[in-house]
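Everything below concerns the one structure shown next.
The values are calculated or read from the model by the stated rules, or taken from the named source; none is laboratory data. From a predicted model like this one, the values you see are computed outputs, not experimental measurements. Cβ sites come from the backbone with ideal geometry, for glycine too, and all protein chains shown count toward neighbours.
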Amino acid sequence: MSIHIVALGNEGDAFHQDNRPSGLIRTYLGRSPLVSGDESSLLLNATSTVARPVFTEYQASAFGNVKLVVHDCPVWDIFDSDWYTSRNLIGSADIIVIKYNVNDKFSFHEVKDNYIPVIKRALNSVPVIIAAVGTRQNEELPCTCPLCTSDRGSCVSTTEGIQLAKELGATYLELHSLDDFYIGKYFGGVLEYFMIQALNQKTSEKMKKRKMSNSFHGVRPPQLEQPEKMPVLKAEASHYNSDLNNLLFCCQCVDVVFYNPDLKEVAEAHKIVLCAVSHVFMLLFNVKSPADIQDSSIIRTTQDLFAINRDTAFPGASQDSPGNPPLRVIVKDVLFCSCLSDILRFIYSGAFQWEELEEDIRKKLKDSGDVSNVIEKVKCILKTPGKINCLRNCKTYQARKPLWFYNTSLKFFLNKPMLADVVFEIQGTTVPAHRAILVARCEVMAAMFNGNYMEAKSVLIPVYGVSKETFLSFLEYLYTDSCCPAGIFQAMCLLICAEMYQVSRLQHICELFIITQLQSMPSRELASMNLDIVDLLKKAKFHHSECLSTWLLHFIATNYLIFSQKPEFQDLSVEERSFVEKHRWPSNMYLKQLAEYRKYIHSRKCRCLVM
């Protein structure tokens, strides 16, 4: 017999990672007297397996002969990268442990906003423990004034933790340290209570099955074999940051050129990318006005660092350049200008690799004071209006997500005319966009805008065969590297659009979404739904979605009794019908054996306990 525990969330302190002790789960397994297995065995098993790369797996023995399997996932991005594995592991859990650090508000909100909705959908009478780890750095009572936020941003209060526990009906624990008392007696006592409850429930279910099997001594019913395993789809890794980083080096769709104070060209860039991470550039390029920003430090930084040159007699300016020539920007600060190429590479890489930036600047500036001065100017450029500069601790920020994922992301410019240099005409309406992002994220768009095509010189581009909603979802993926279809039909439309523009990763995302939606449907819903599964299969084949078409064939075969009764089942080709009949579940042999068994039962005039 075994117990399966799933642990989610990060209990480490983001601001004190250097001296952080072992994690909650690892510490409990190493110290609990009820868990057997030495440290070396735990170390051997605490590895991300090939079968389940999303979780770190621990294995041990509890209560003597009970197998204890723990899957730990502290990072949401890794958890979210494999929906299929994550959902199945949560669904098979006997106990769920949610953990966060009381001094890391980010880890708490990651649990509350990301993990909790997933757990609510999969929760089925499974006990949940919420563990708030650590001692709050500010033990004073918070100010009750509604305008005072001095304590709210620094740590997670007990009230917030209890409220989260109420939402799930969970047990809330505060573990001030990972010592023998809090781990062994407090956390361990609660966890072991739920482990005993799970063992009792499994033993009871096992006894019921044994009693039913022993109560019937006649001819046994045929054994229903398990259906074949469905094909596993592997998601393609994101290349969002590398796409935008390559845009800087390919020099395509450049619309801004930086010059030093001596009017010599220093670097080329793209307004849309710069504005996506910096309000300074938004102010410089008139995307926002000083009244919109209302932050004197950002306005001062813009005026001190940059100046726009609109002189038609500017040295090196092309008088006969087609379209709008790039905007010329003078960099006033000499030291900042000398490091501008490294700073732009840092911004295009996501604006979070501070150590690499500092190392590159040190290679050019020998004086440590000059290096610090340039780094501070970069922090001022990335400052959020109205807030204290949150980038003071660069090492702490390096562990977080790139700026693309925050409020100054490219999604701000999606379907908006600001800085737009191309307009798509779809179903009688227009959708503004930005060539630089399209070229960076889509090879078909890059060839269209840079080749000898009509679109290369045209501002208004018609789009056919795609609805406006689908095309907007396609653009949303190009801008944000994510999408959320409203349903299976929209996901299929988006997959067709992705195939048309040859964006393979978006195709895989749509495939996974369709598969996840179909797998989550109960049999009754599959039988009554209006979705034509055979039509879905034919569209997947026509648009070269081999993974989805293969999976759909297996899905039809696995649910043979449902889909064989539908009229569209007759639309399957001879080859497809042959595959479905070969892999059907339940098999034809089982149905024949079941019919014979029923005939025997009725002939004996006895009651079947199974049927």
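Filtering segment 220-243 to residues that are surrounded by 12 or more Cβ atoms within 10 Å (Cβ to Cβ), at pLDDT below 85 and more than 32 Å from the chain's Cα centre (by Cα) leaves only 221.
The residue pairs whose first member lies in segment 440-464 and is not assigned by TED's automatic domain parsing to the domain that holds residue 270, whose second member is hydroxyl-bearing (Ser, Thr, Tyr) and in a loop (DSSP other than H, G, I, E, B), and whose beta carbons are closer than 6 Å, counting only pairs six or more residues apart or on different chains, are 442/501; 444/501. For segment 57-113, which positions are surrounded by fewer than 16 Cβ atoms within 10 Å (Cβ to Cβ) and under 19 Å from residue 170 (Cβ atoms)? Hits for segment 57-113 are 91, 92, 109, 113.
The residue pairs whose first member lies in segment 168-185 and is loosely packed, with under 14 Cβ neighbours inside 10 Å, whose second member is modelled with pLDDT of 85 or more, and whose beta carbons are closer than 8 Å, counting only pairs six or more residues apart or on different chains, are 169/128; 177/134; 177/135. Contact map, segment 407-430: first residue assigned by TED's automatic domain parsing to the domain that holds residue 382 and at positive phi, second residue in a strand (DSSP E or B) and buried (at least 16 other Cβ atoms within 10 Å of the Cβ), Cβ cut-off under 9 Å, separation 6 or more or different chains; the map is empty. Selection of first residues in segment 53-81 that are under 15 Å from residue 235 (Cβ atoms) and of second residues that are among the charged types (D, E, K, R) and surrounded by 17 or more Cβ atoms within 10 Å (Cβ to Cβ), restricted to Cβ pairs under 6 Å at least 6 apart or on distinct chains, gives the following pairs, ordered by first then second residue: 54/82. For segment 1-95, the helices (runs of 4 or more DSSP H) that sit wholly inside it and include 2 or more residues that are at pLDDT 75 or above are 24-31, 76-80, 83-91. Meeting the requirement of 1 or more residues that are surrounded by fewer than 19 Cβ atoms within 10 Å (Cβ to Cβ) and among the aromatic types (Phe, Trp, Tyr), the helices (runs of 4 or more DSSP H) wholly within segment 468-556 are 488-500, 533-542. Within the bounds of segment 281-295, is there any residue that is within 29 Å of the chain's Cα centre (by Cα) and at pLDDT 90 or above? Yes.
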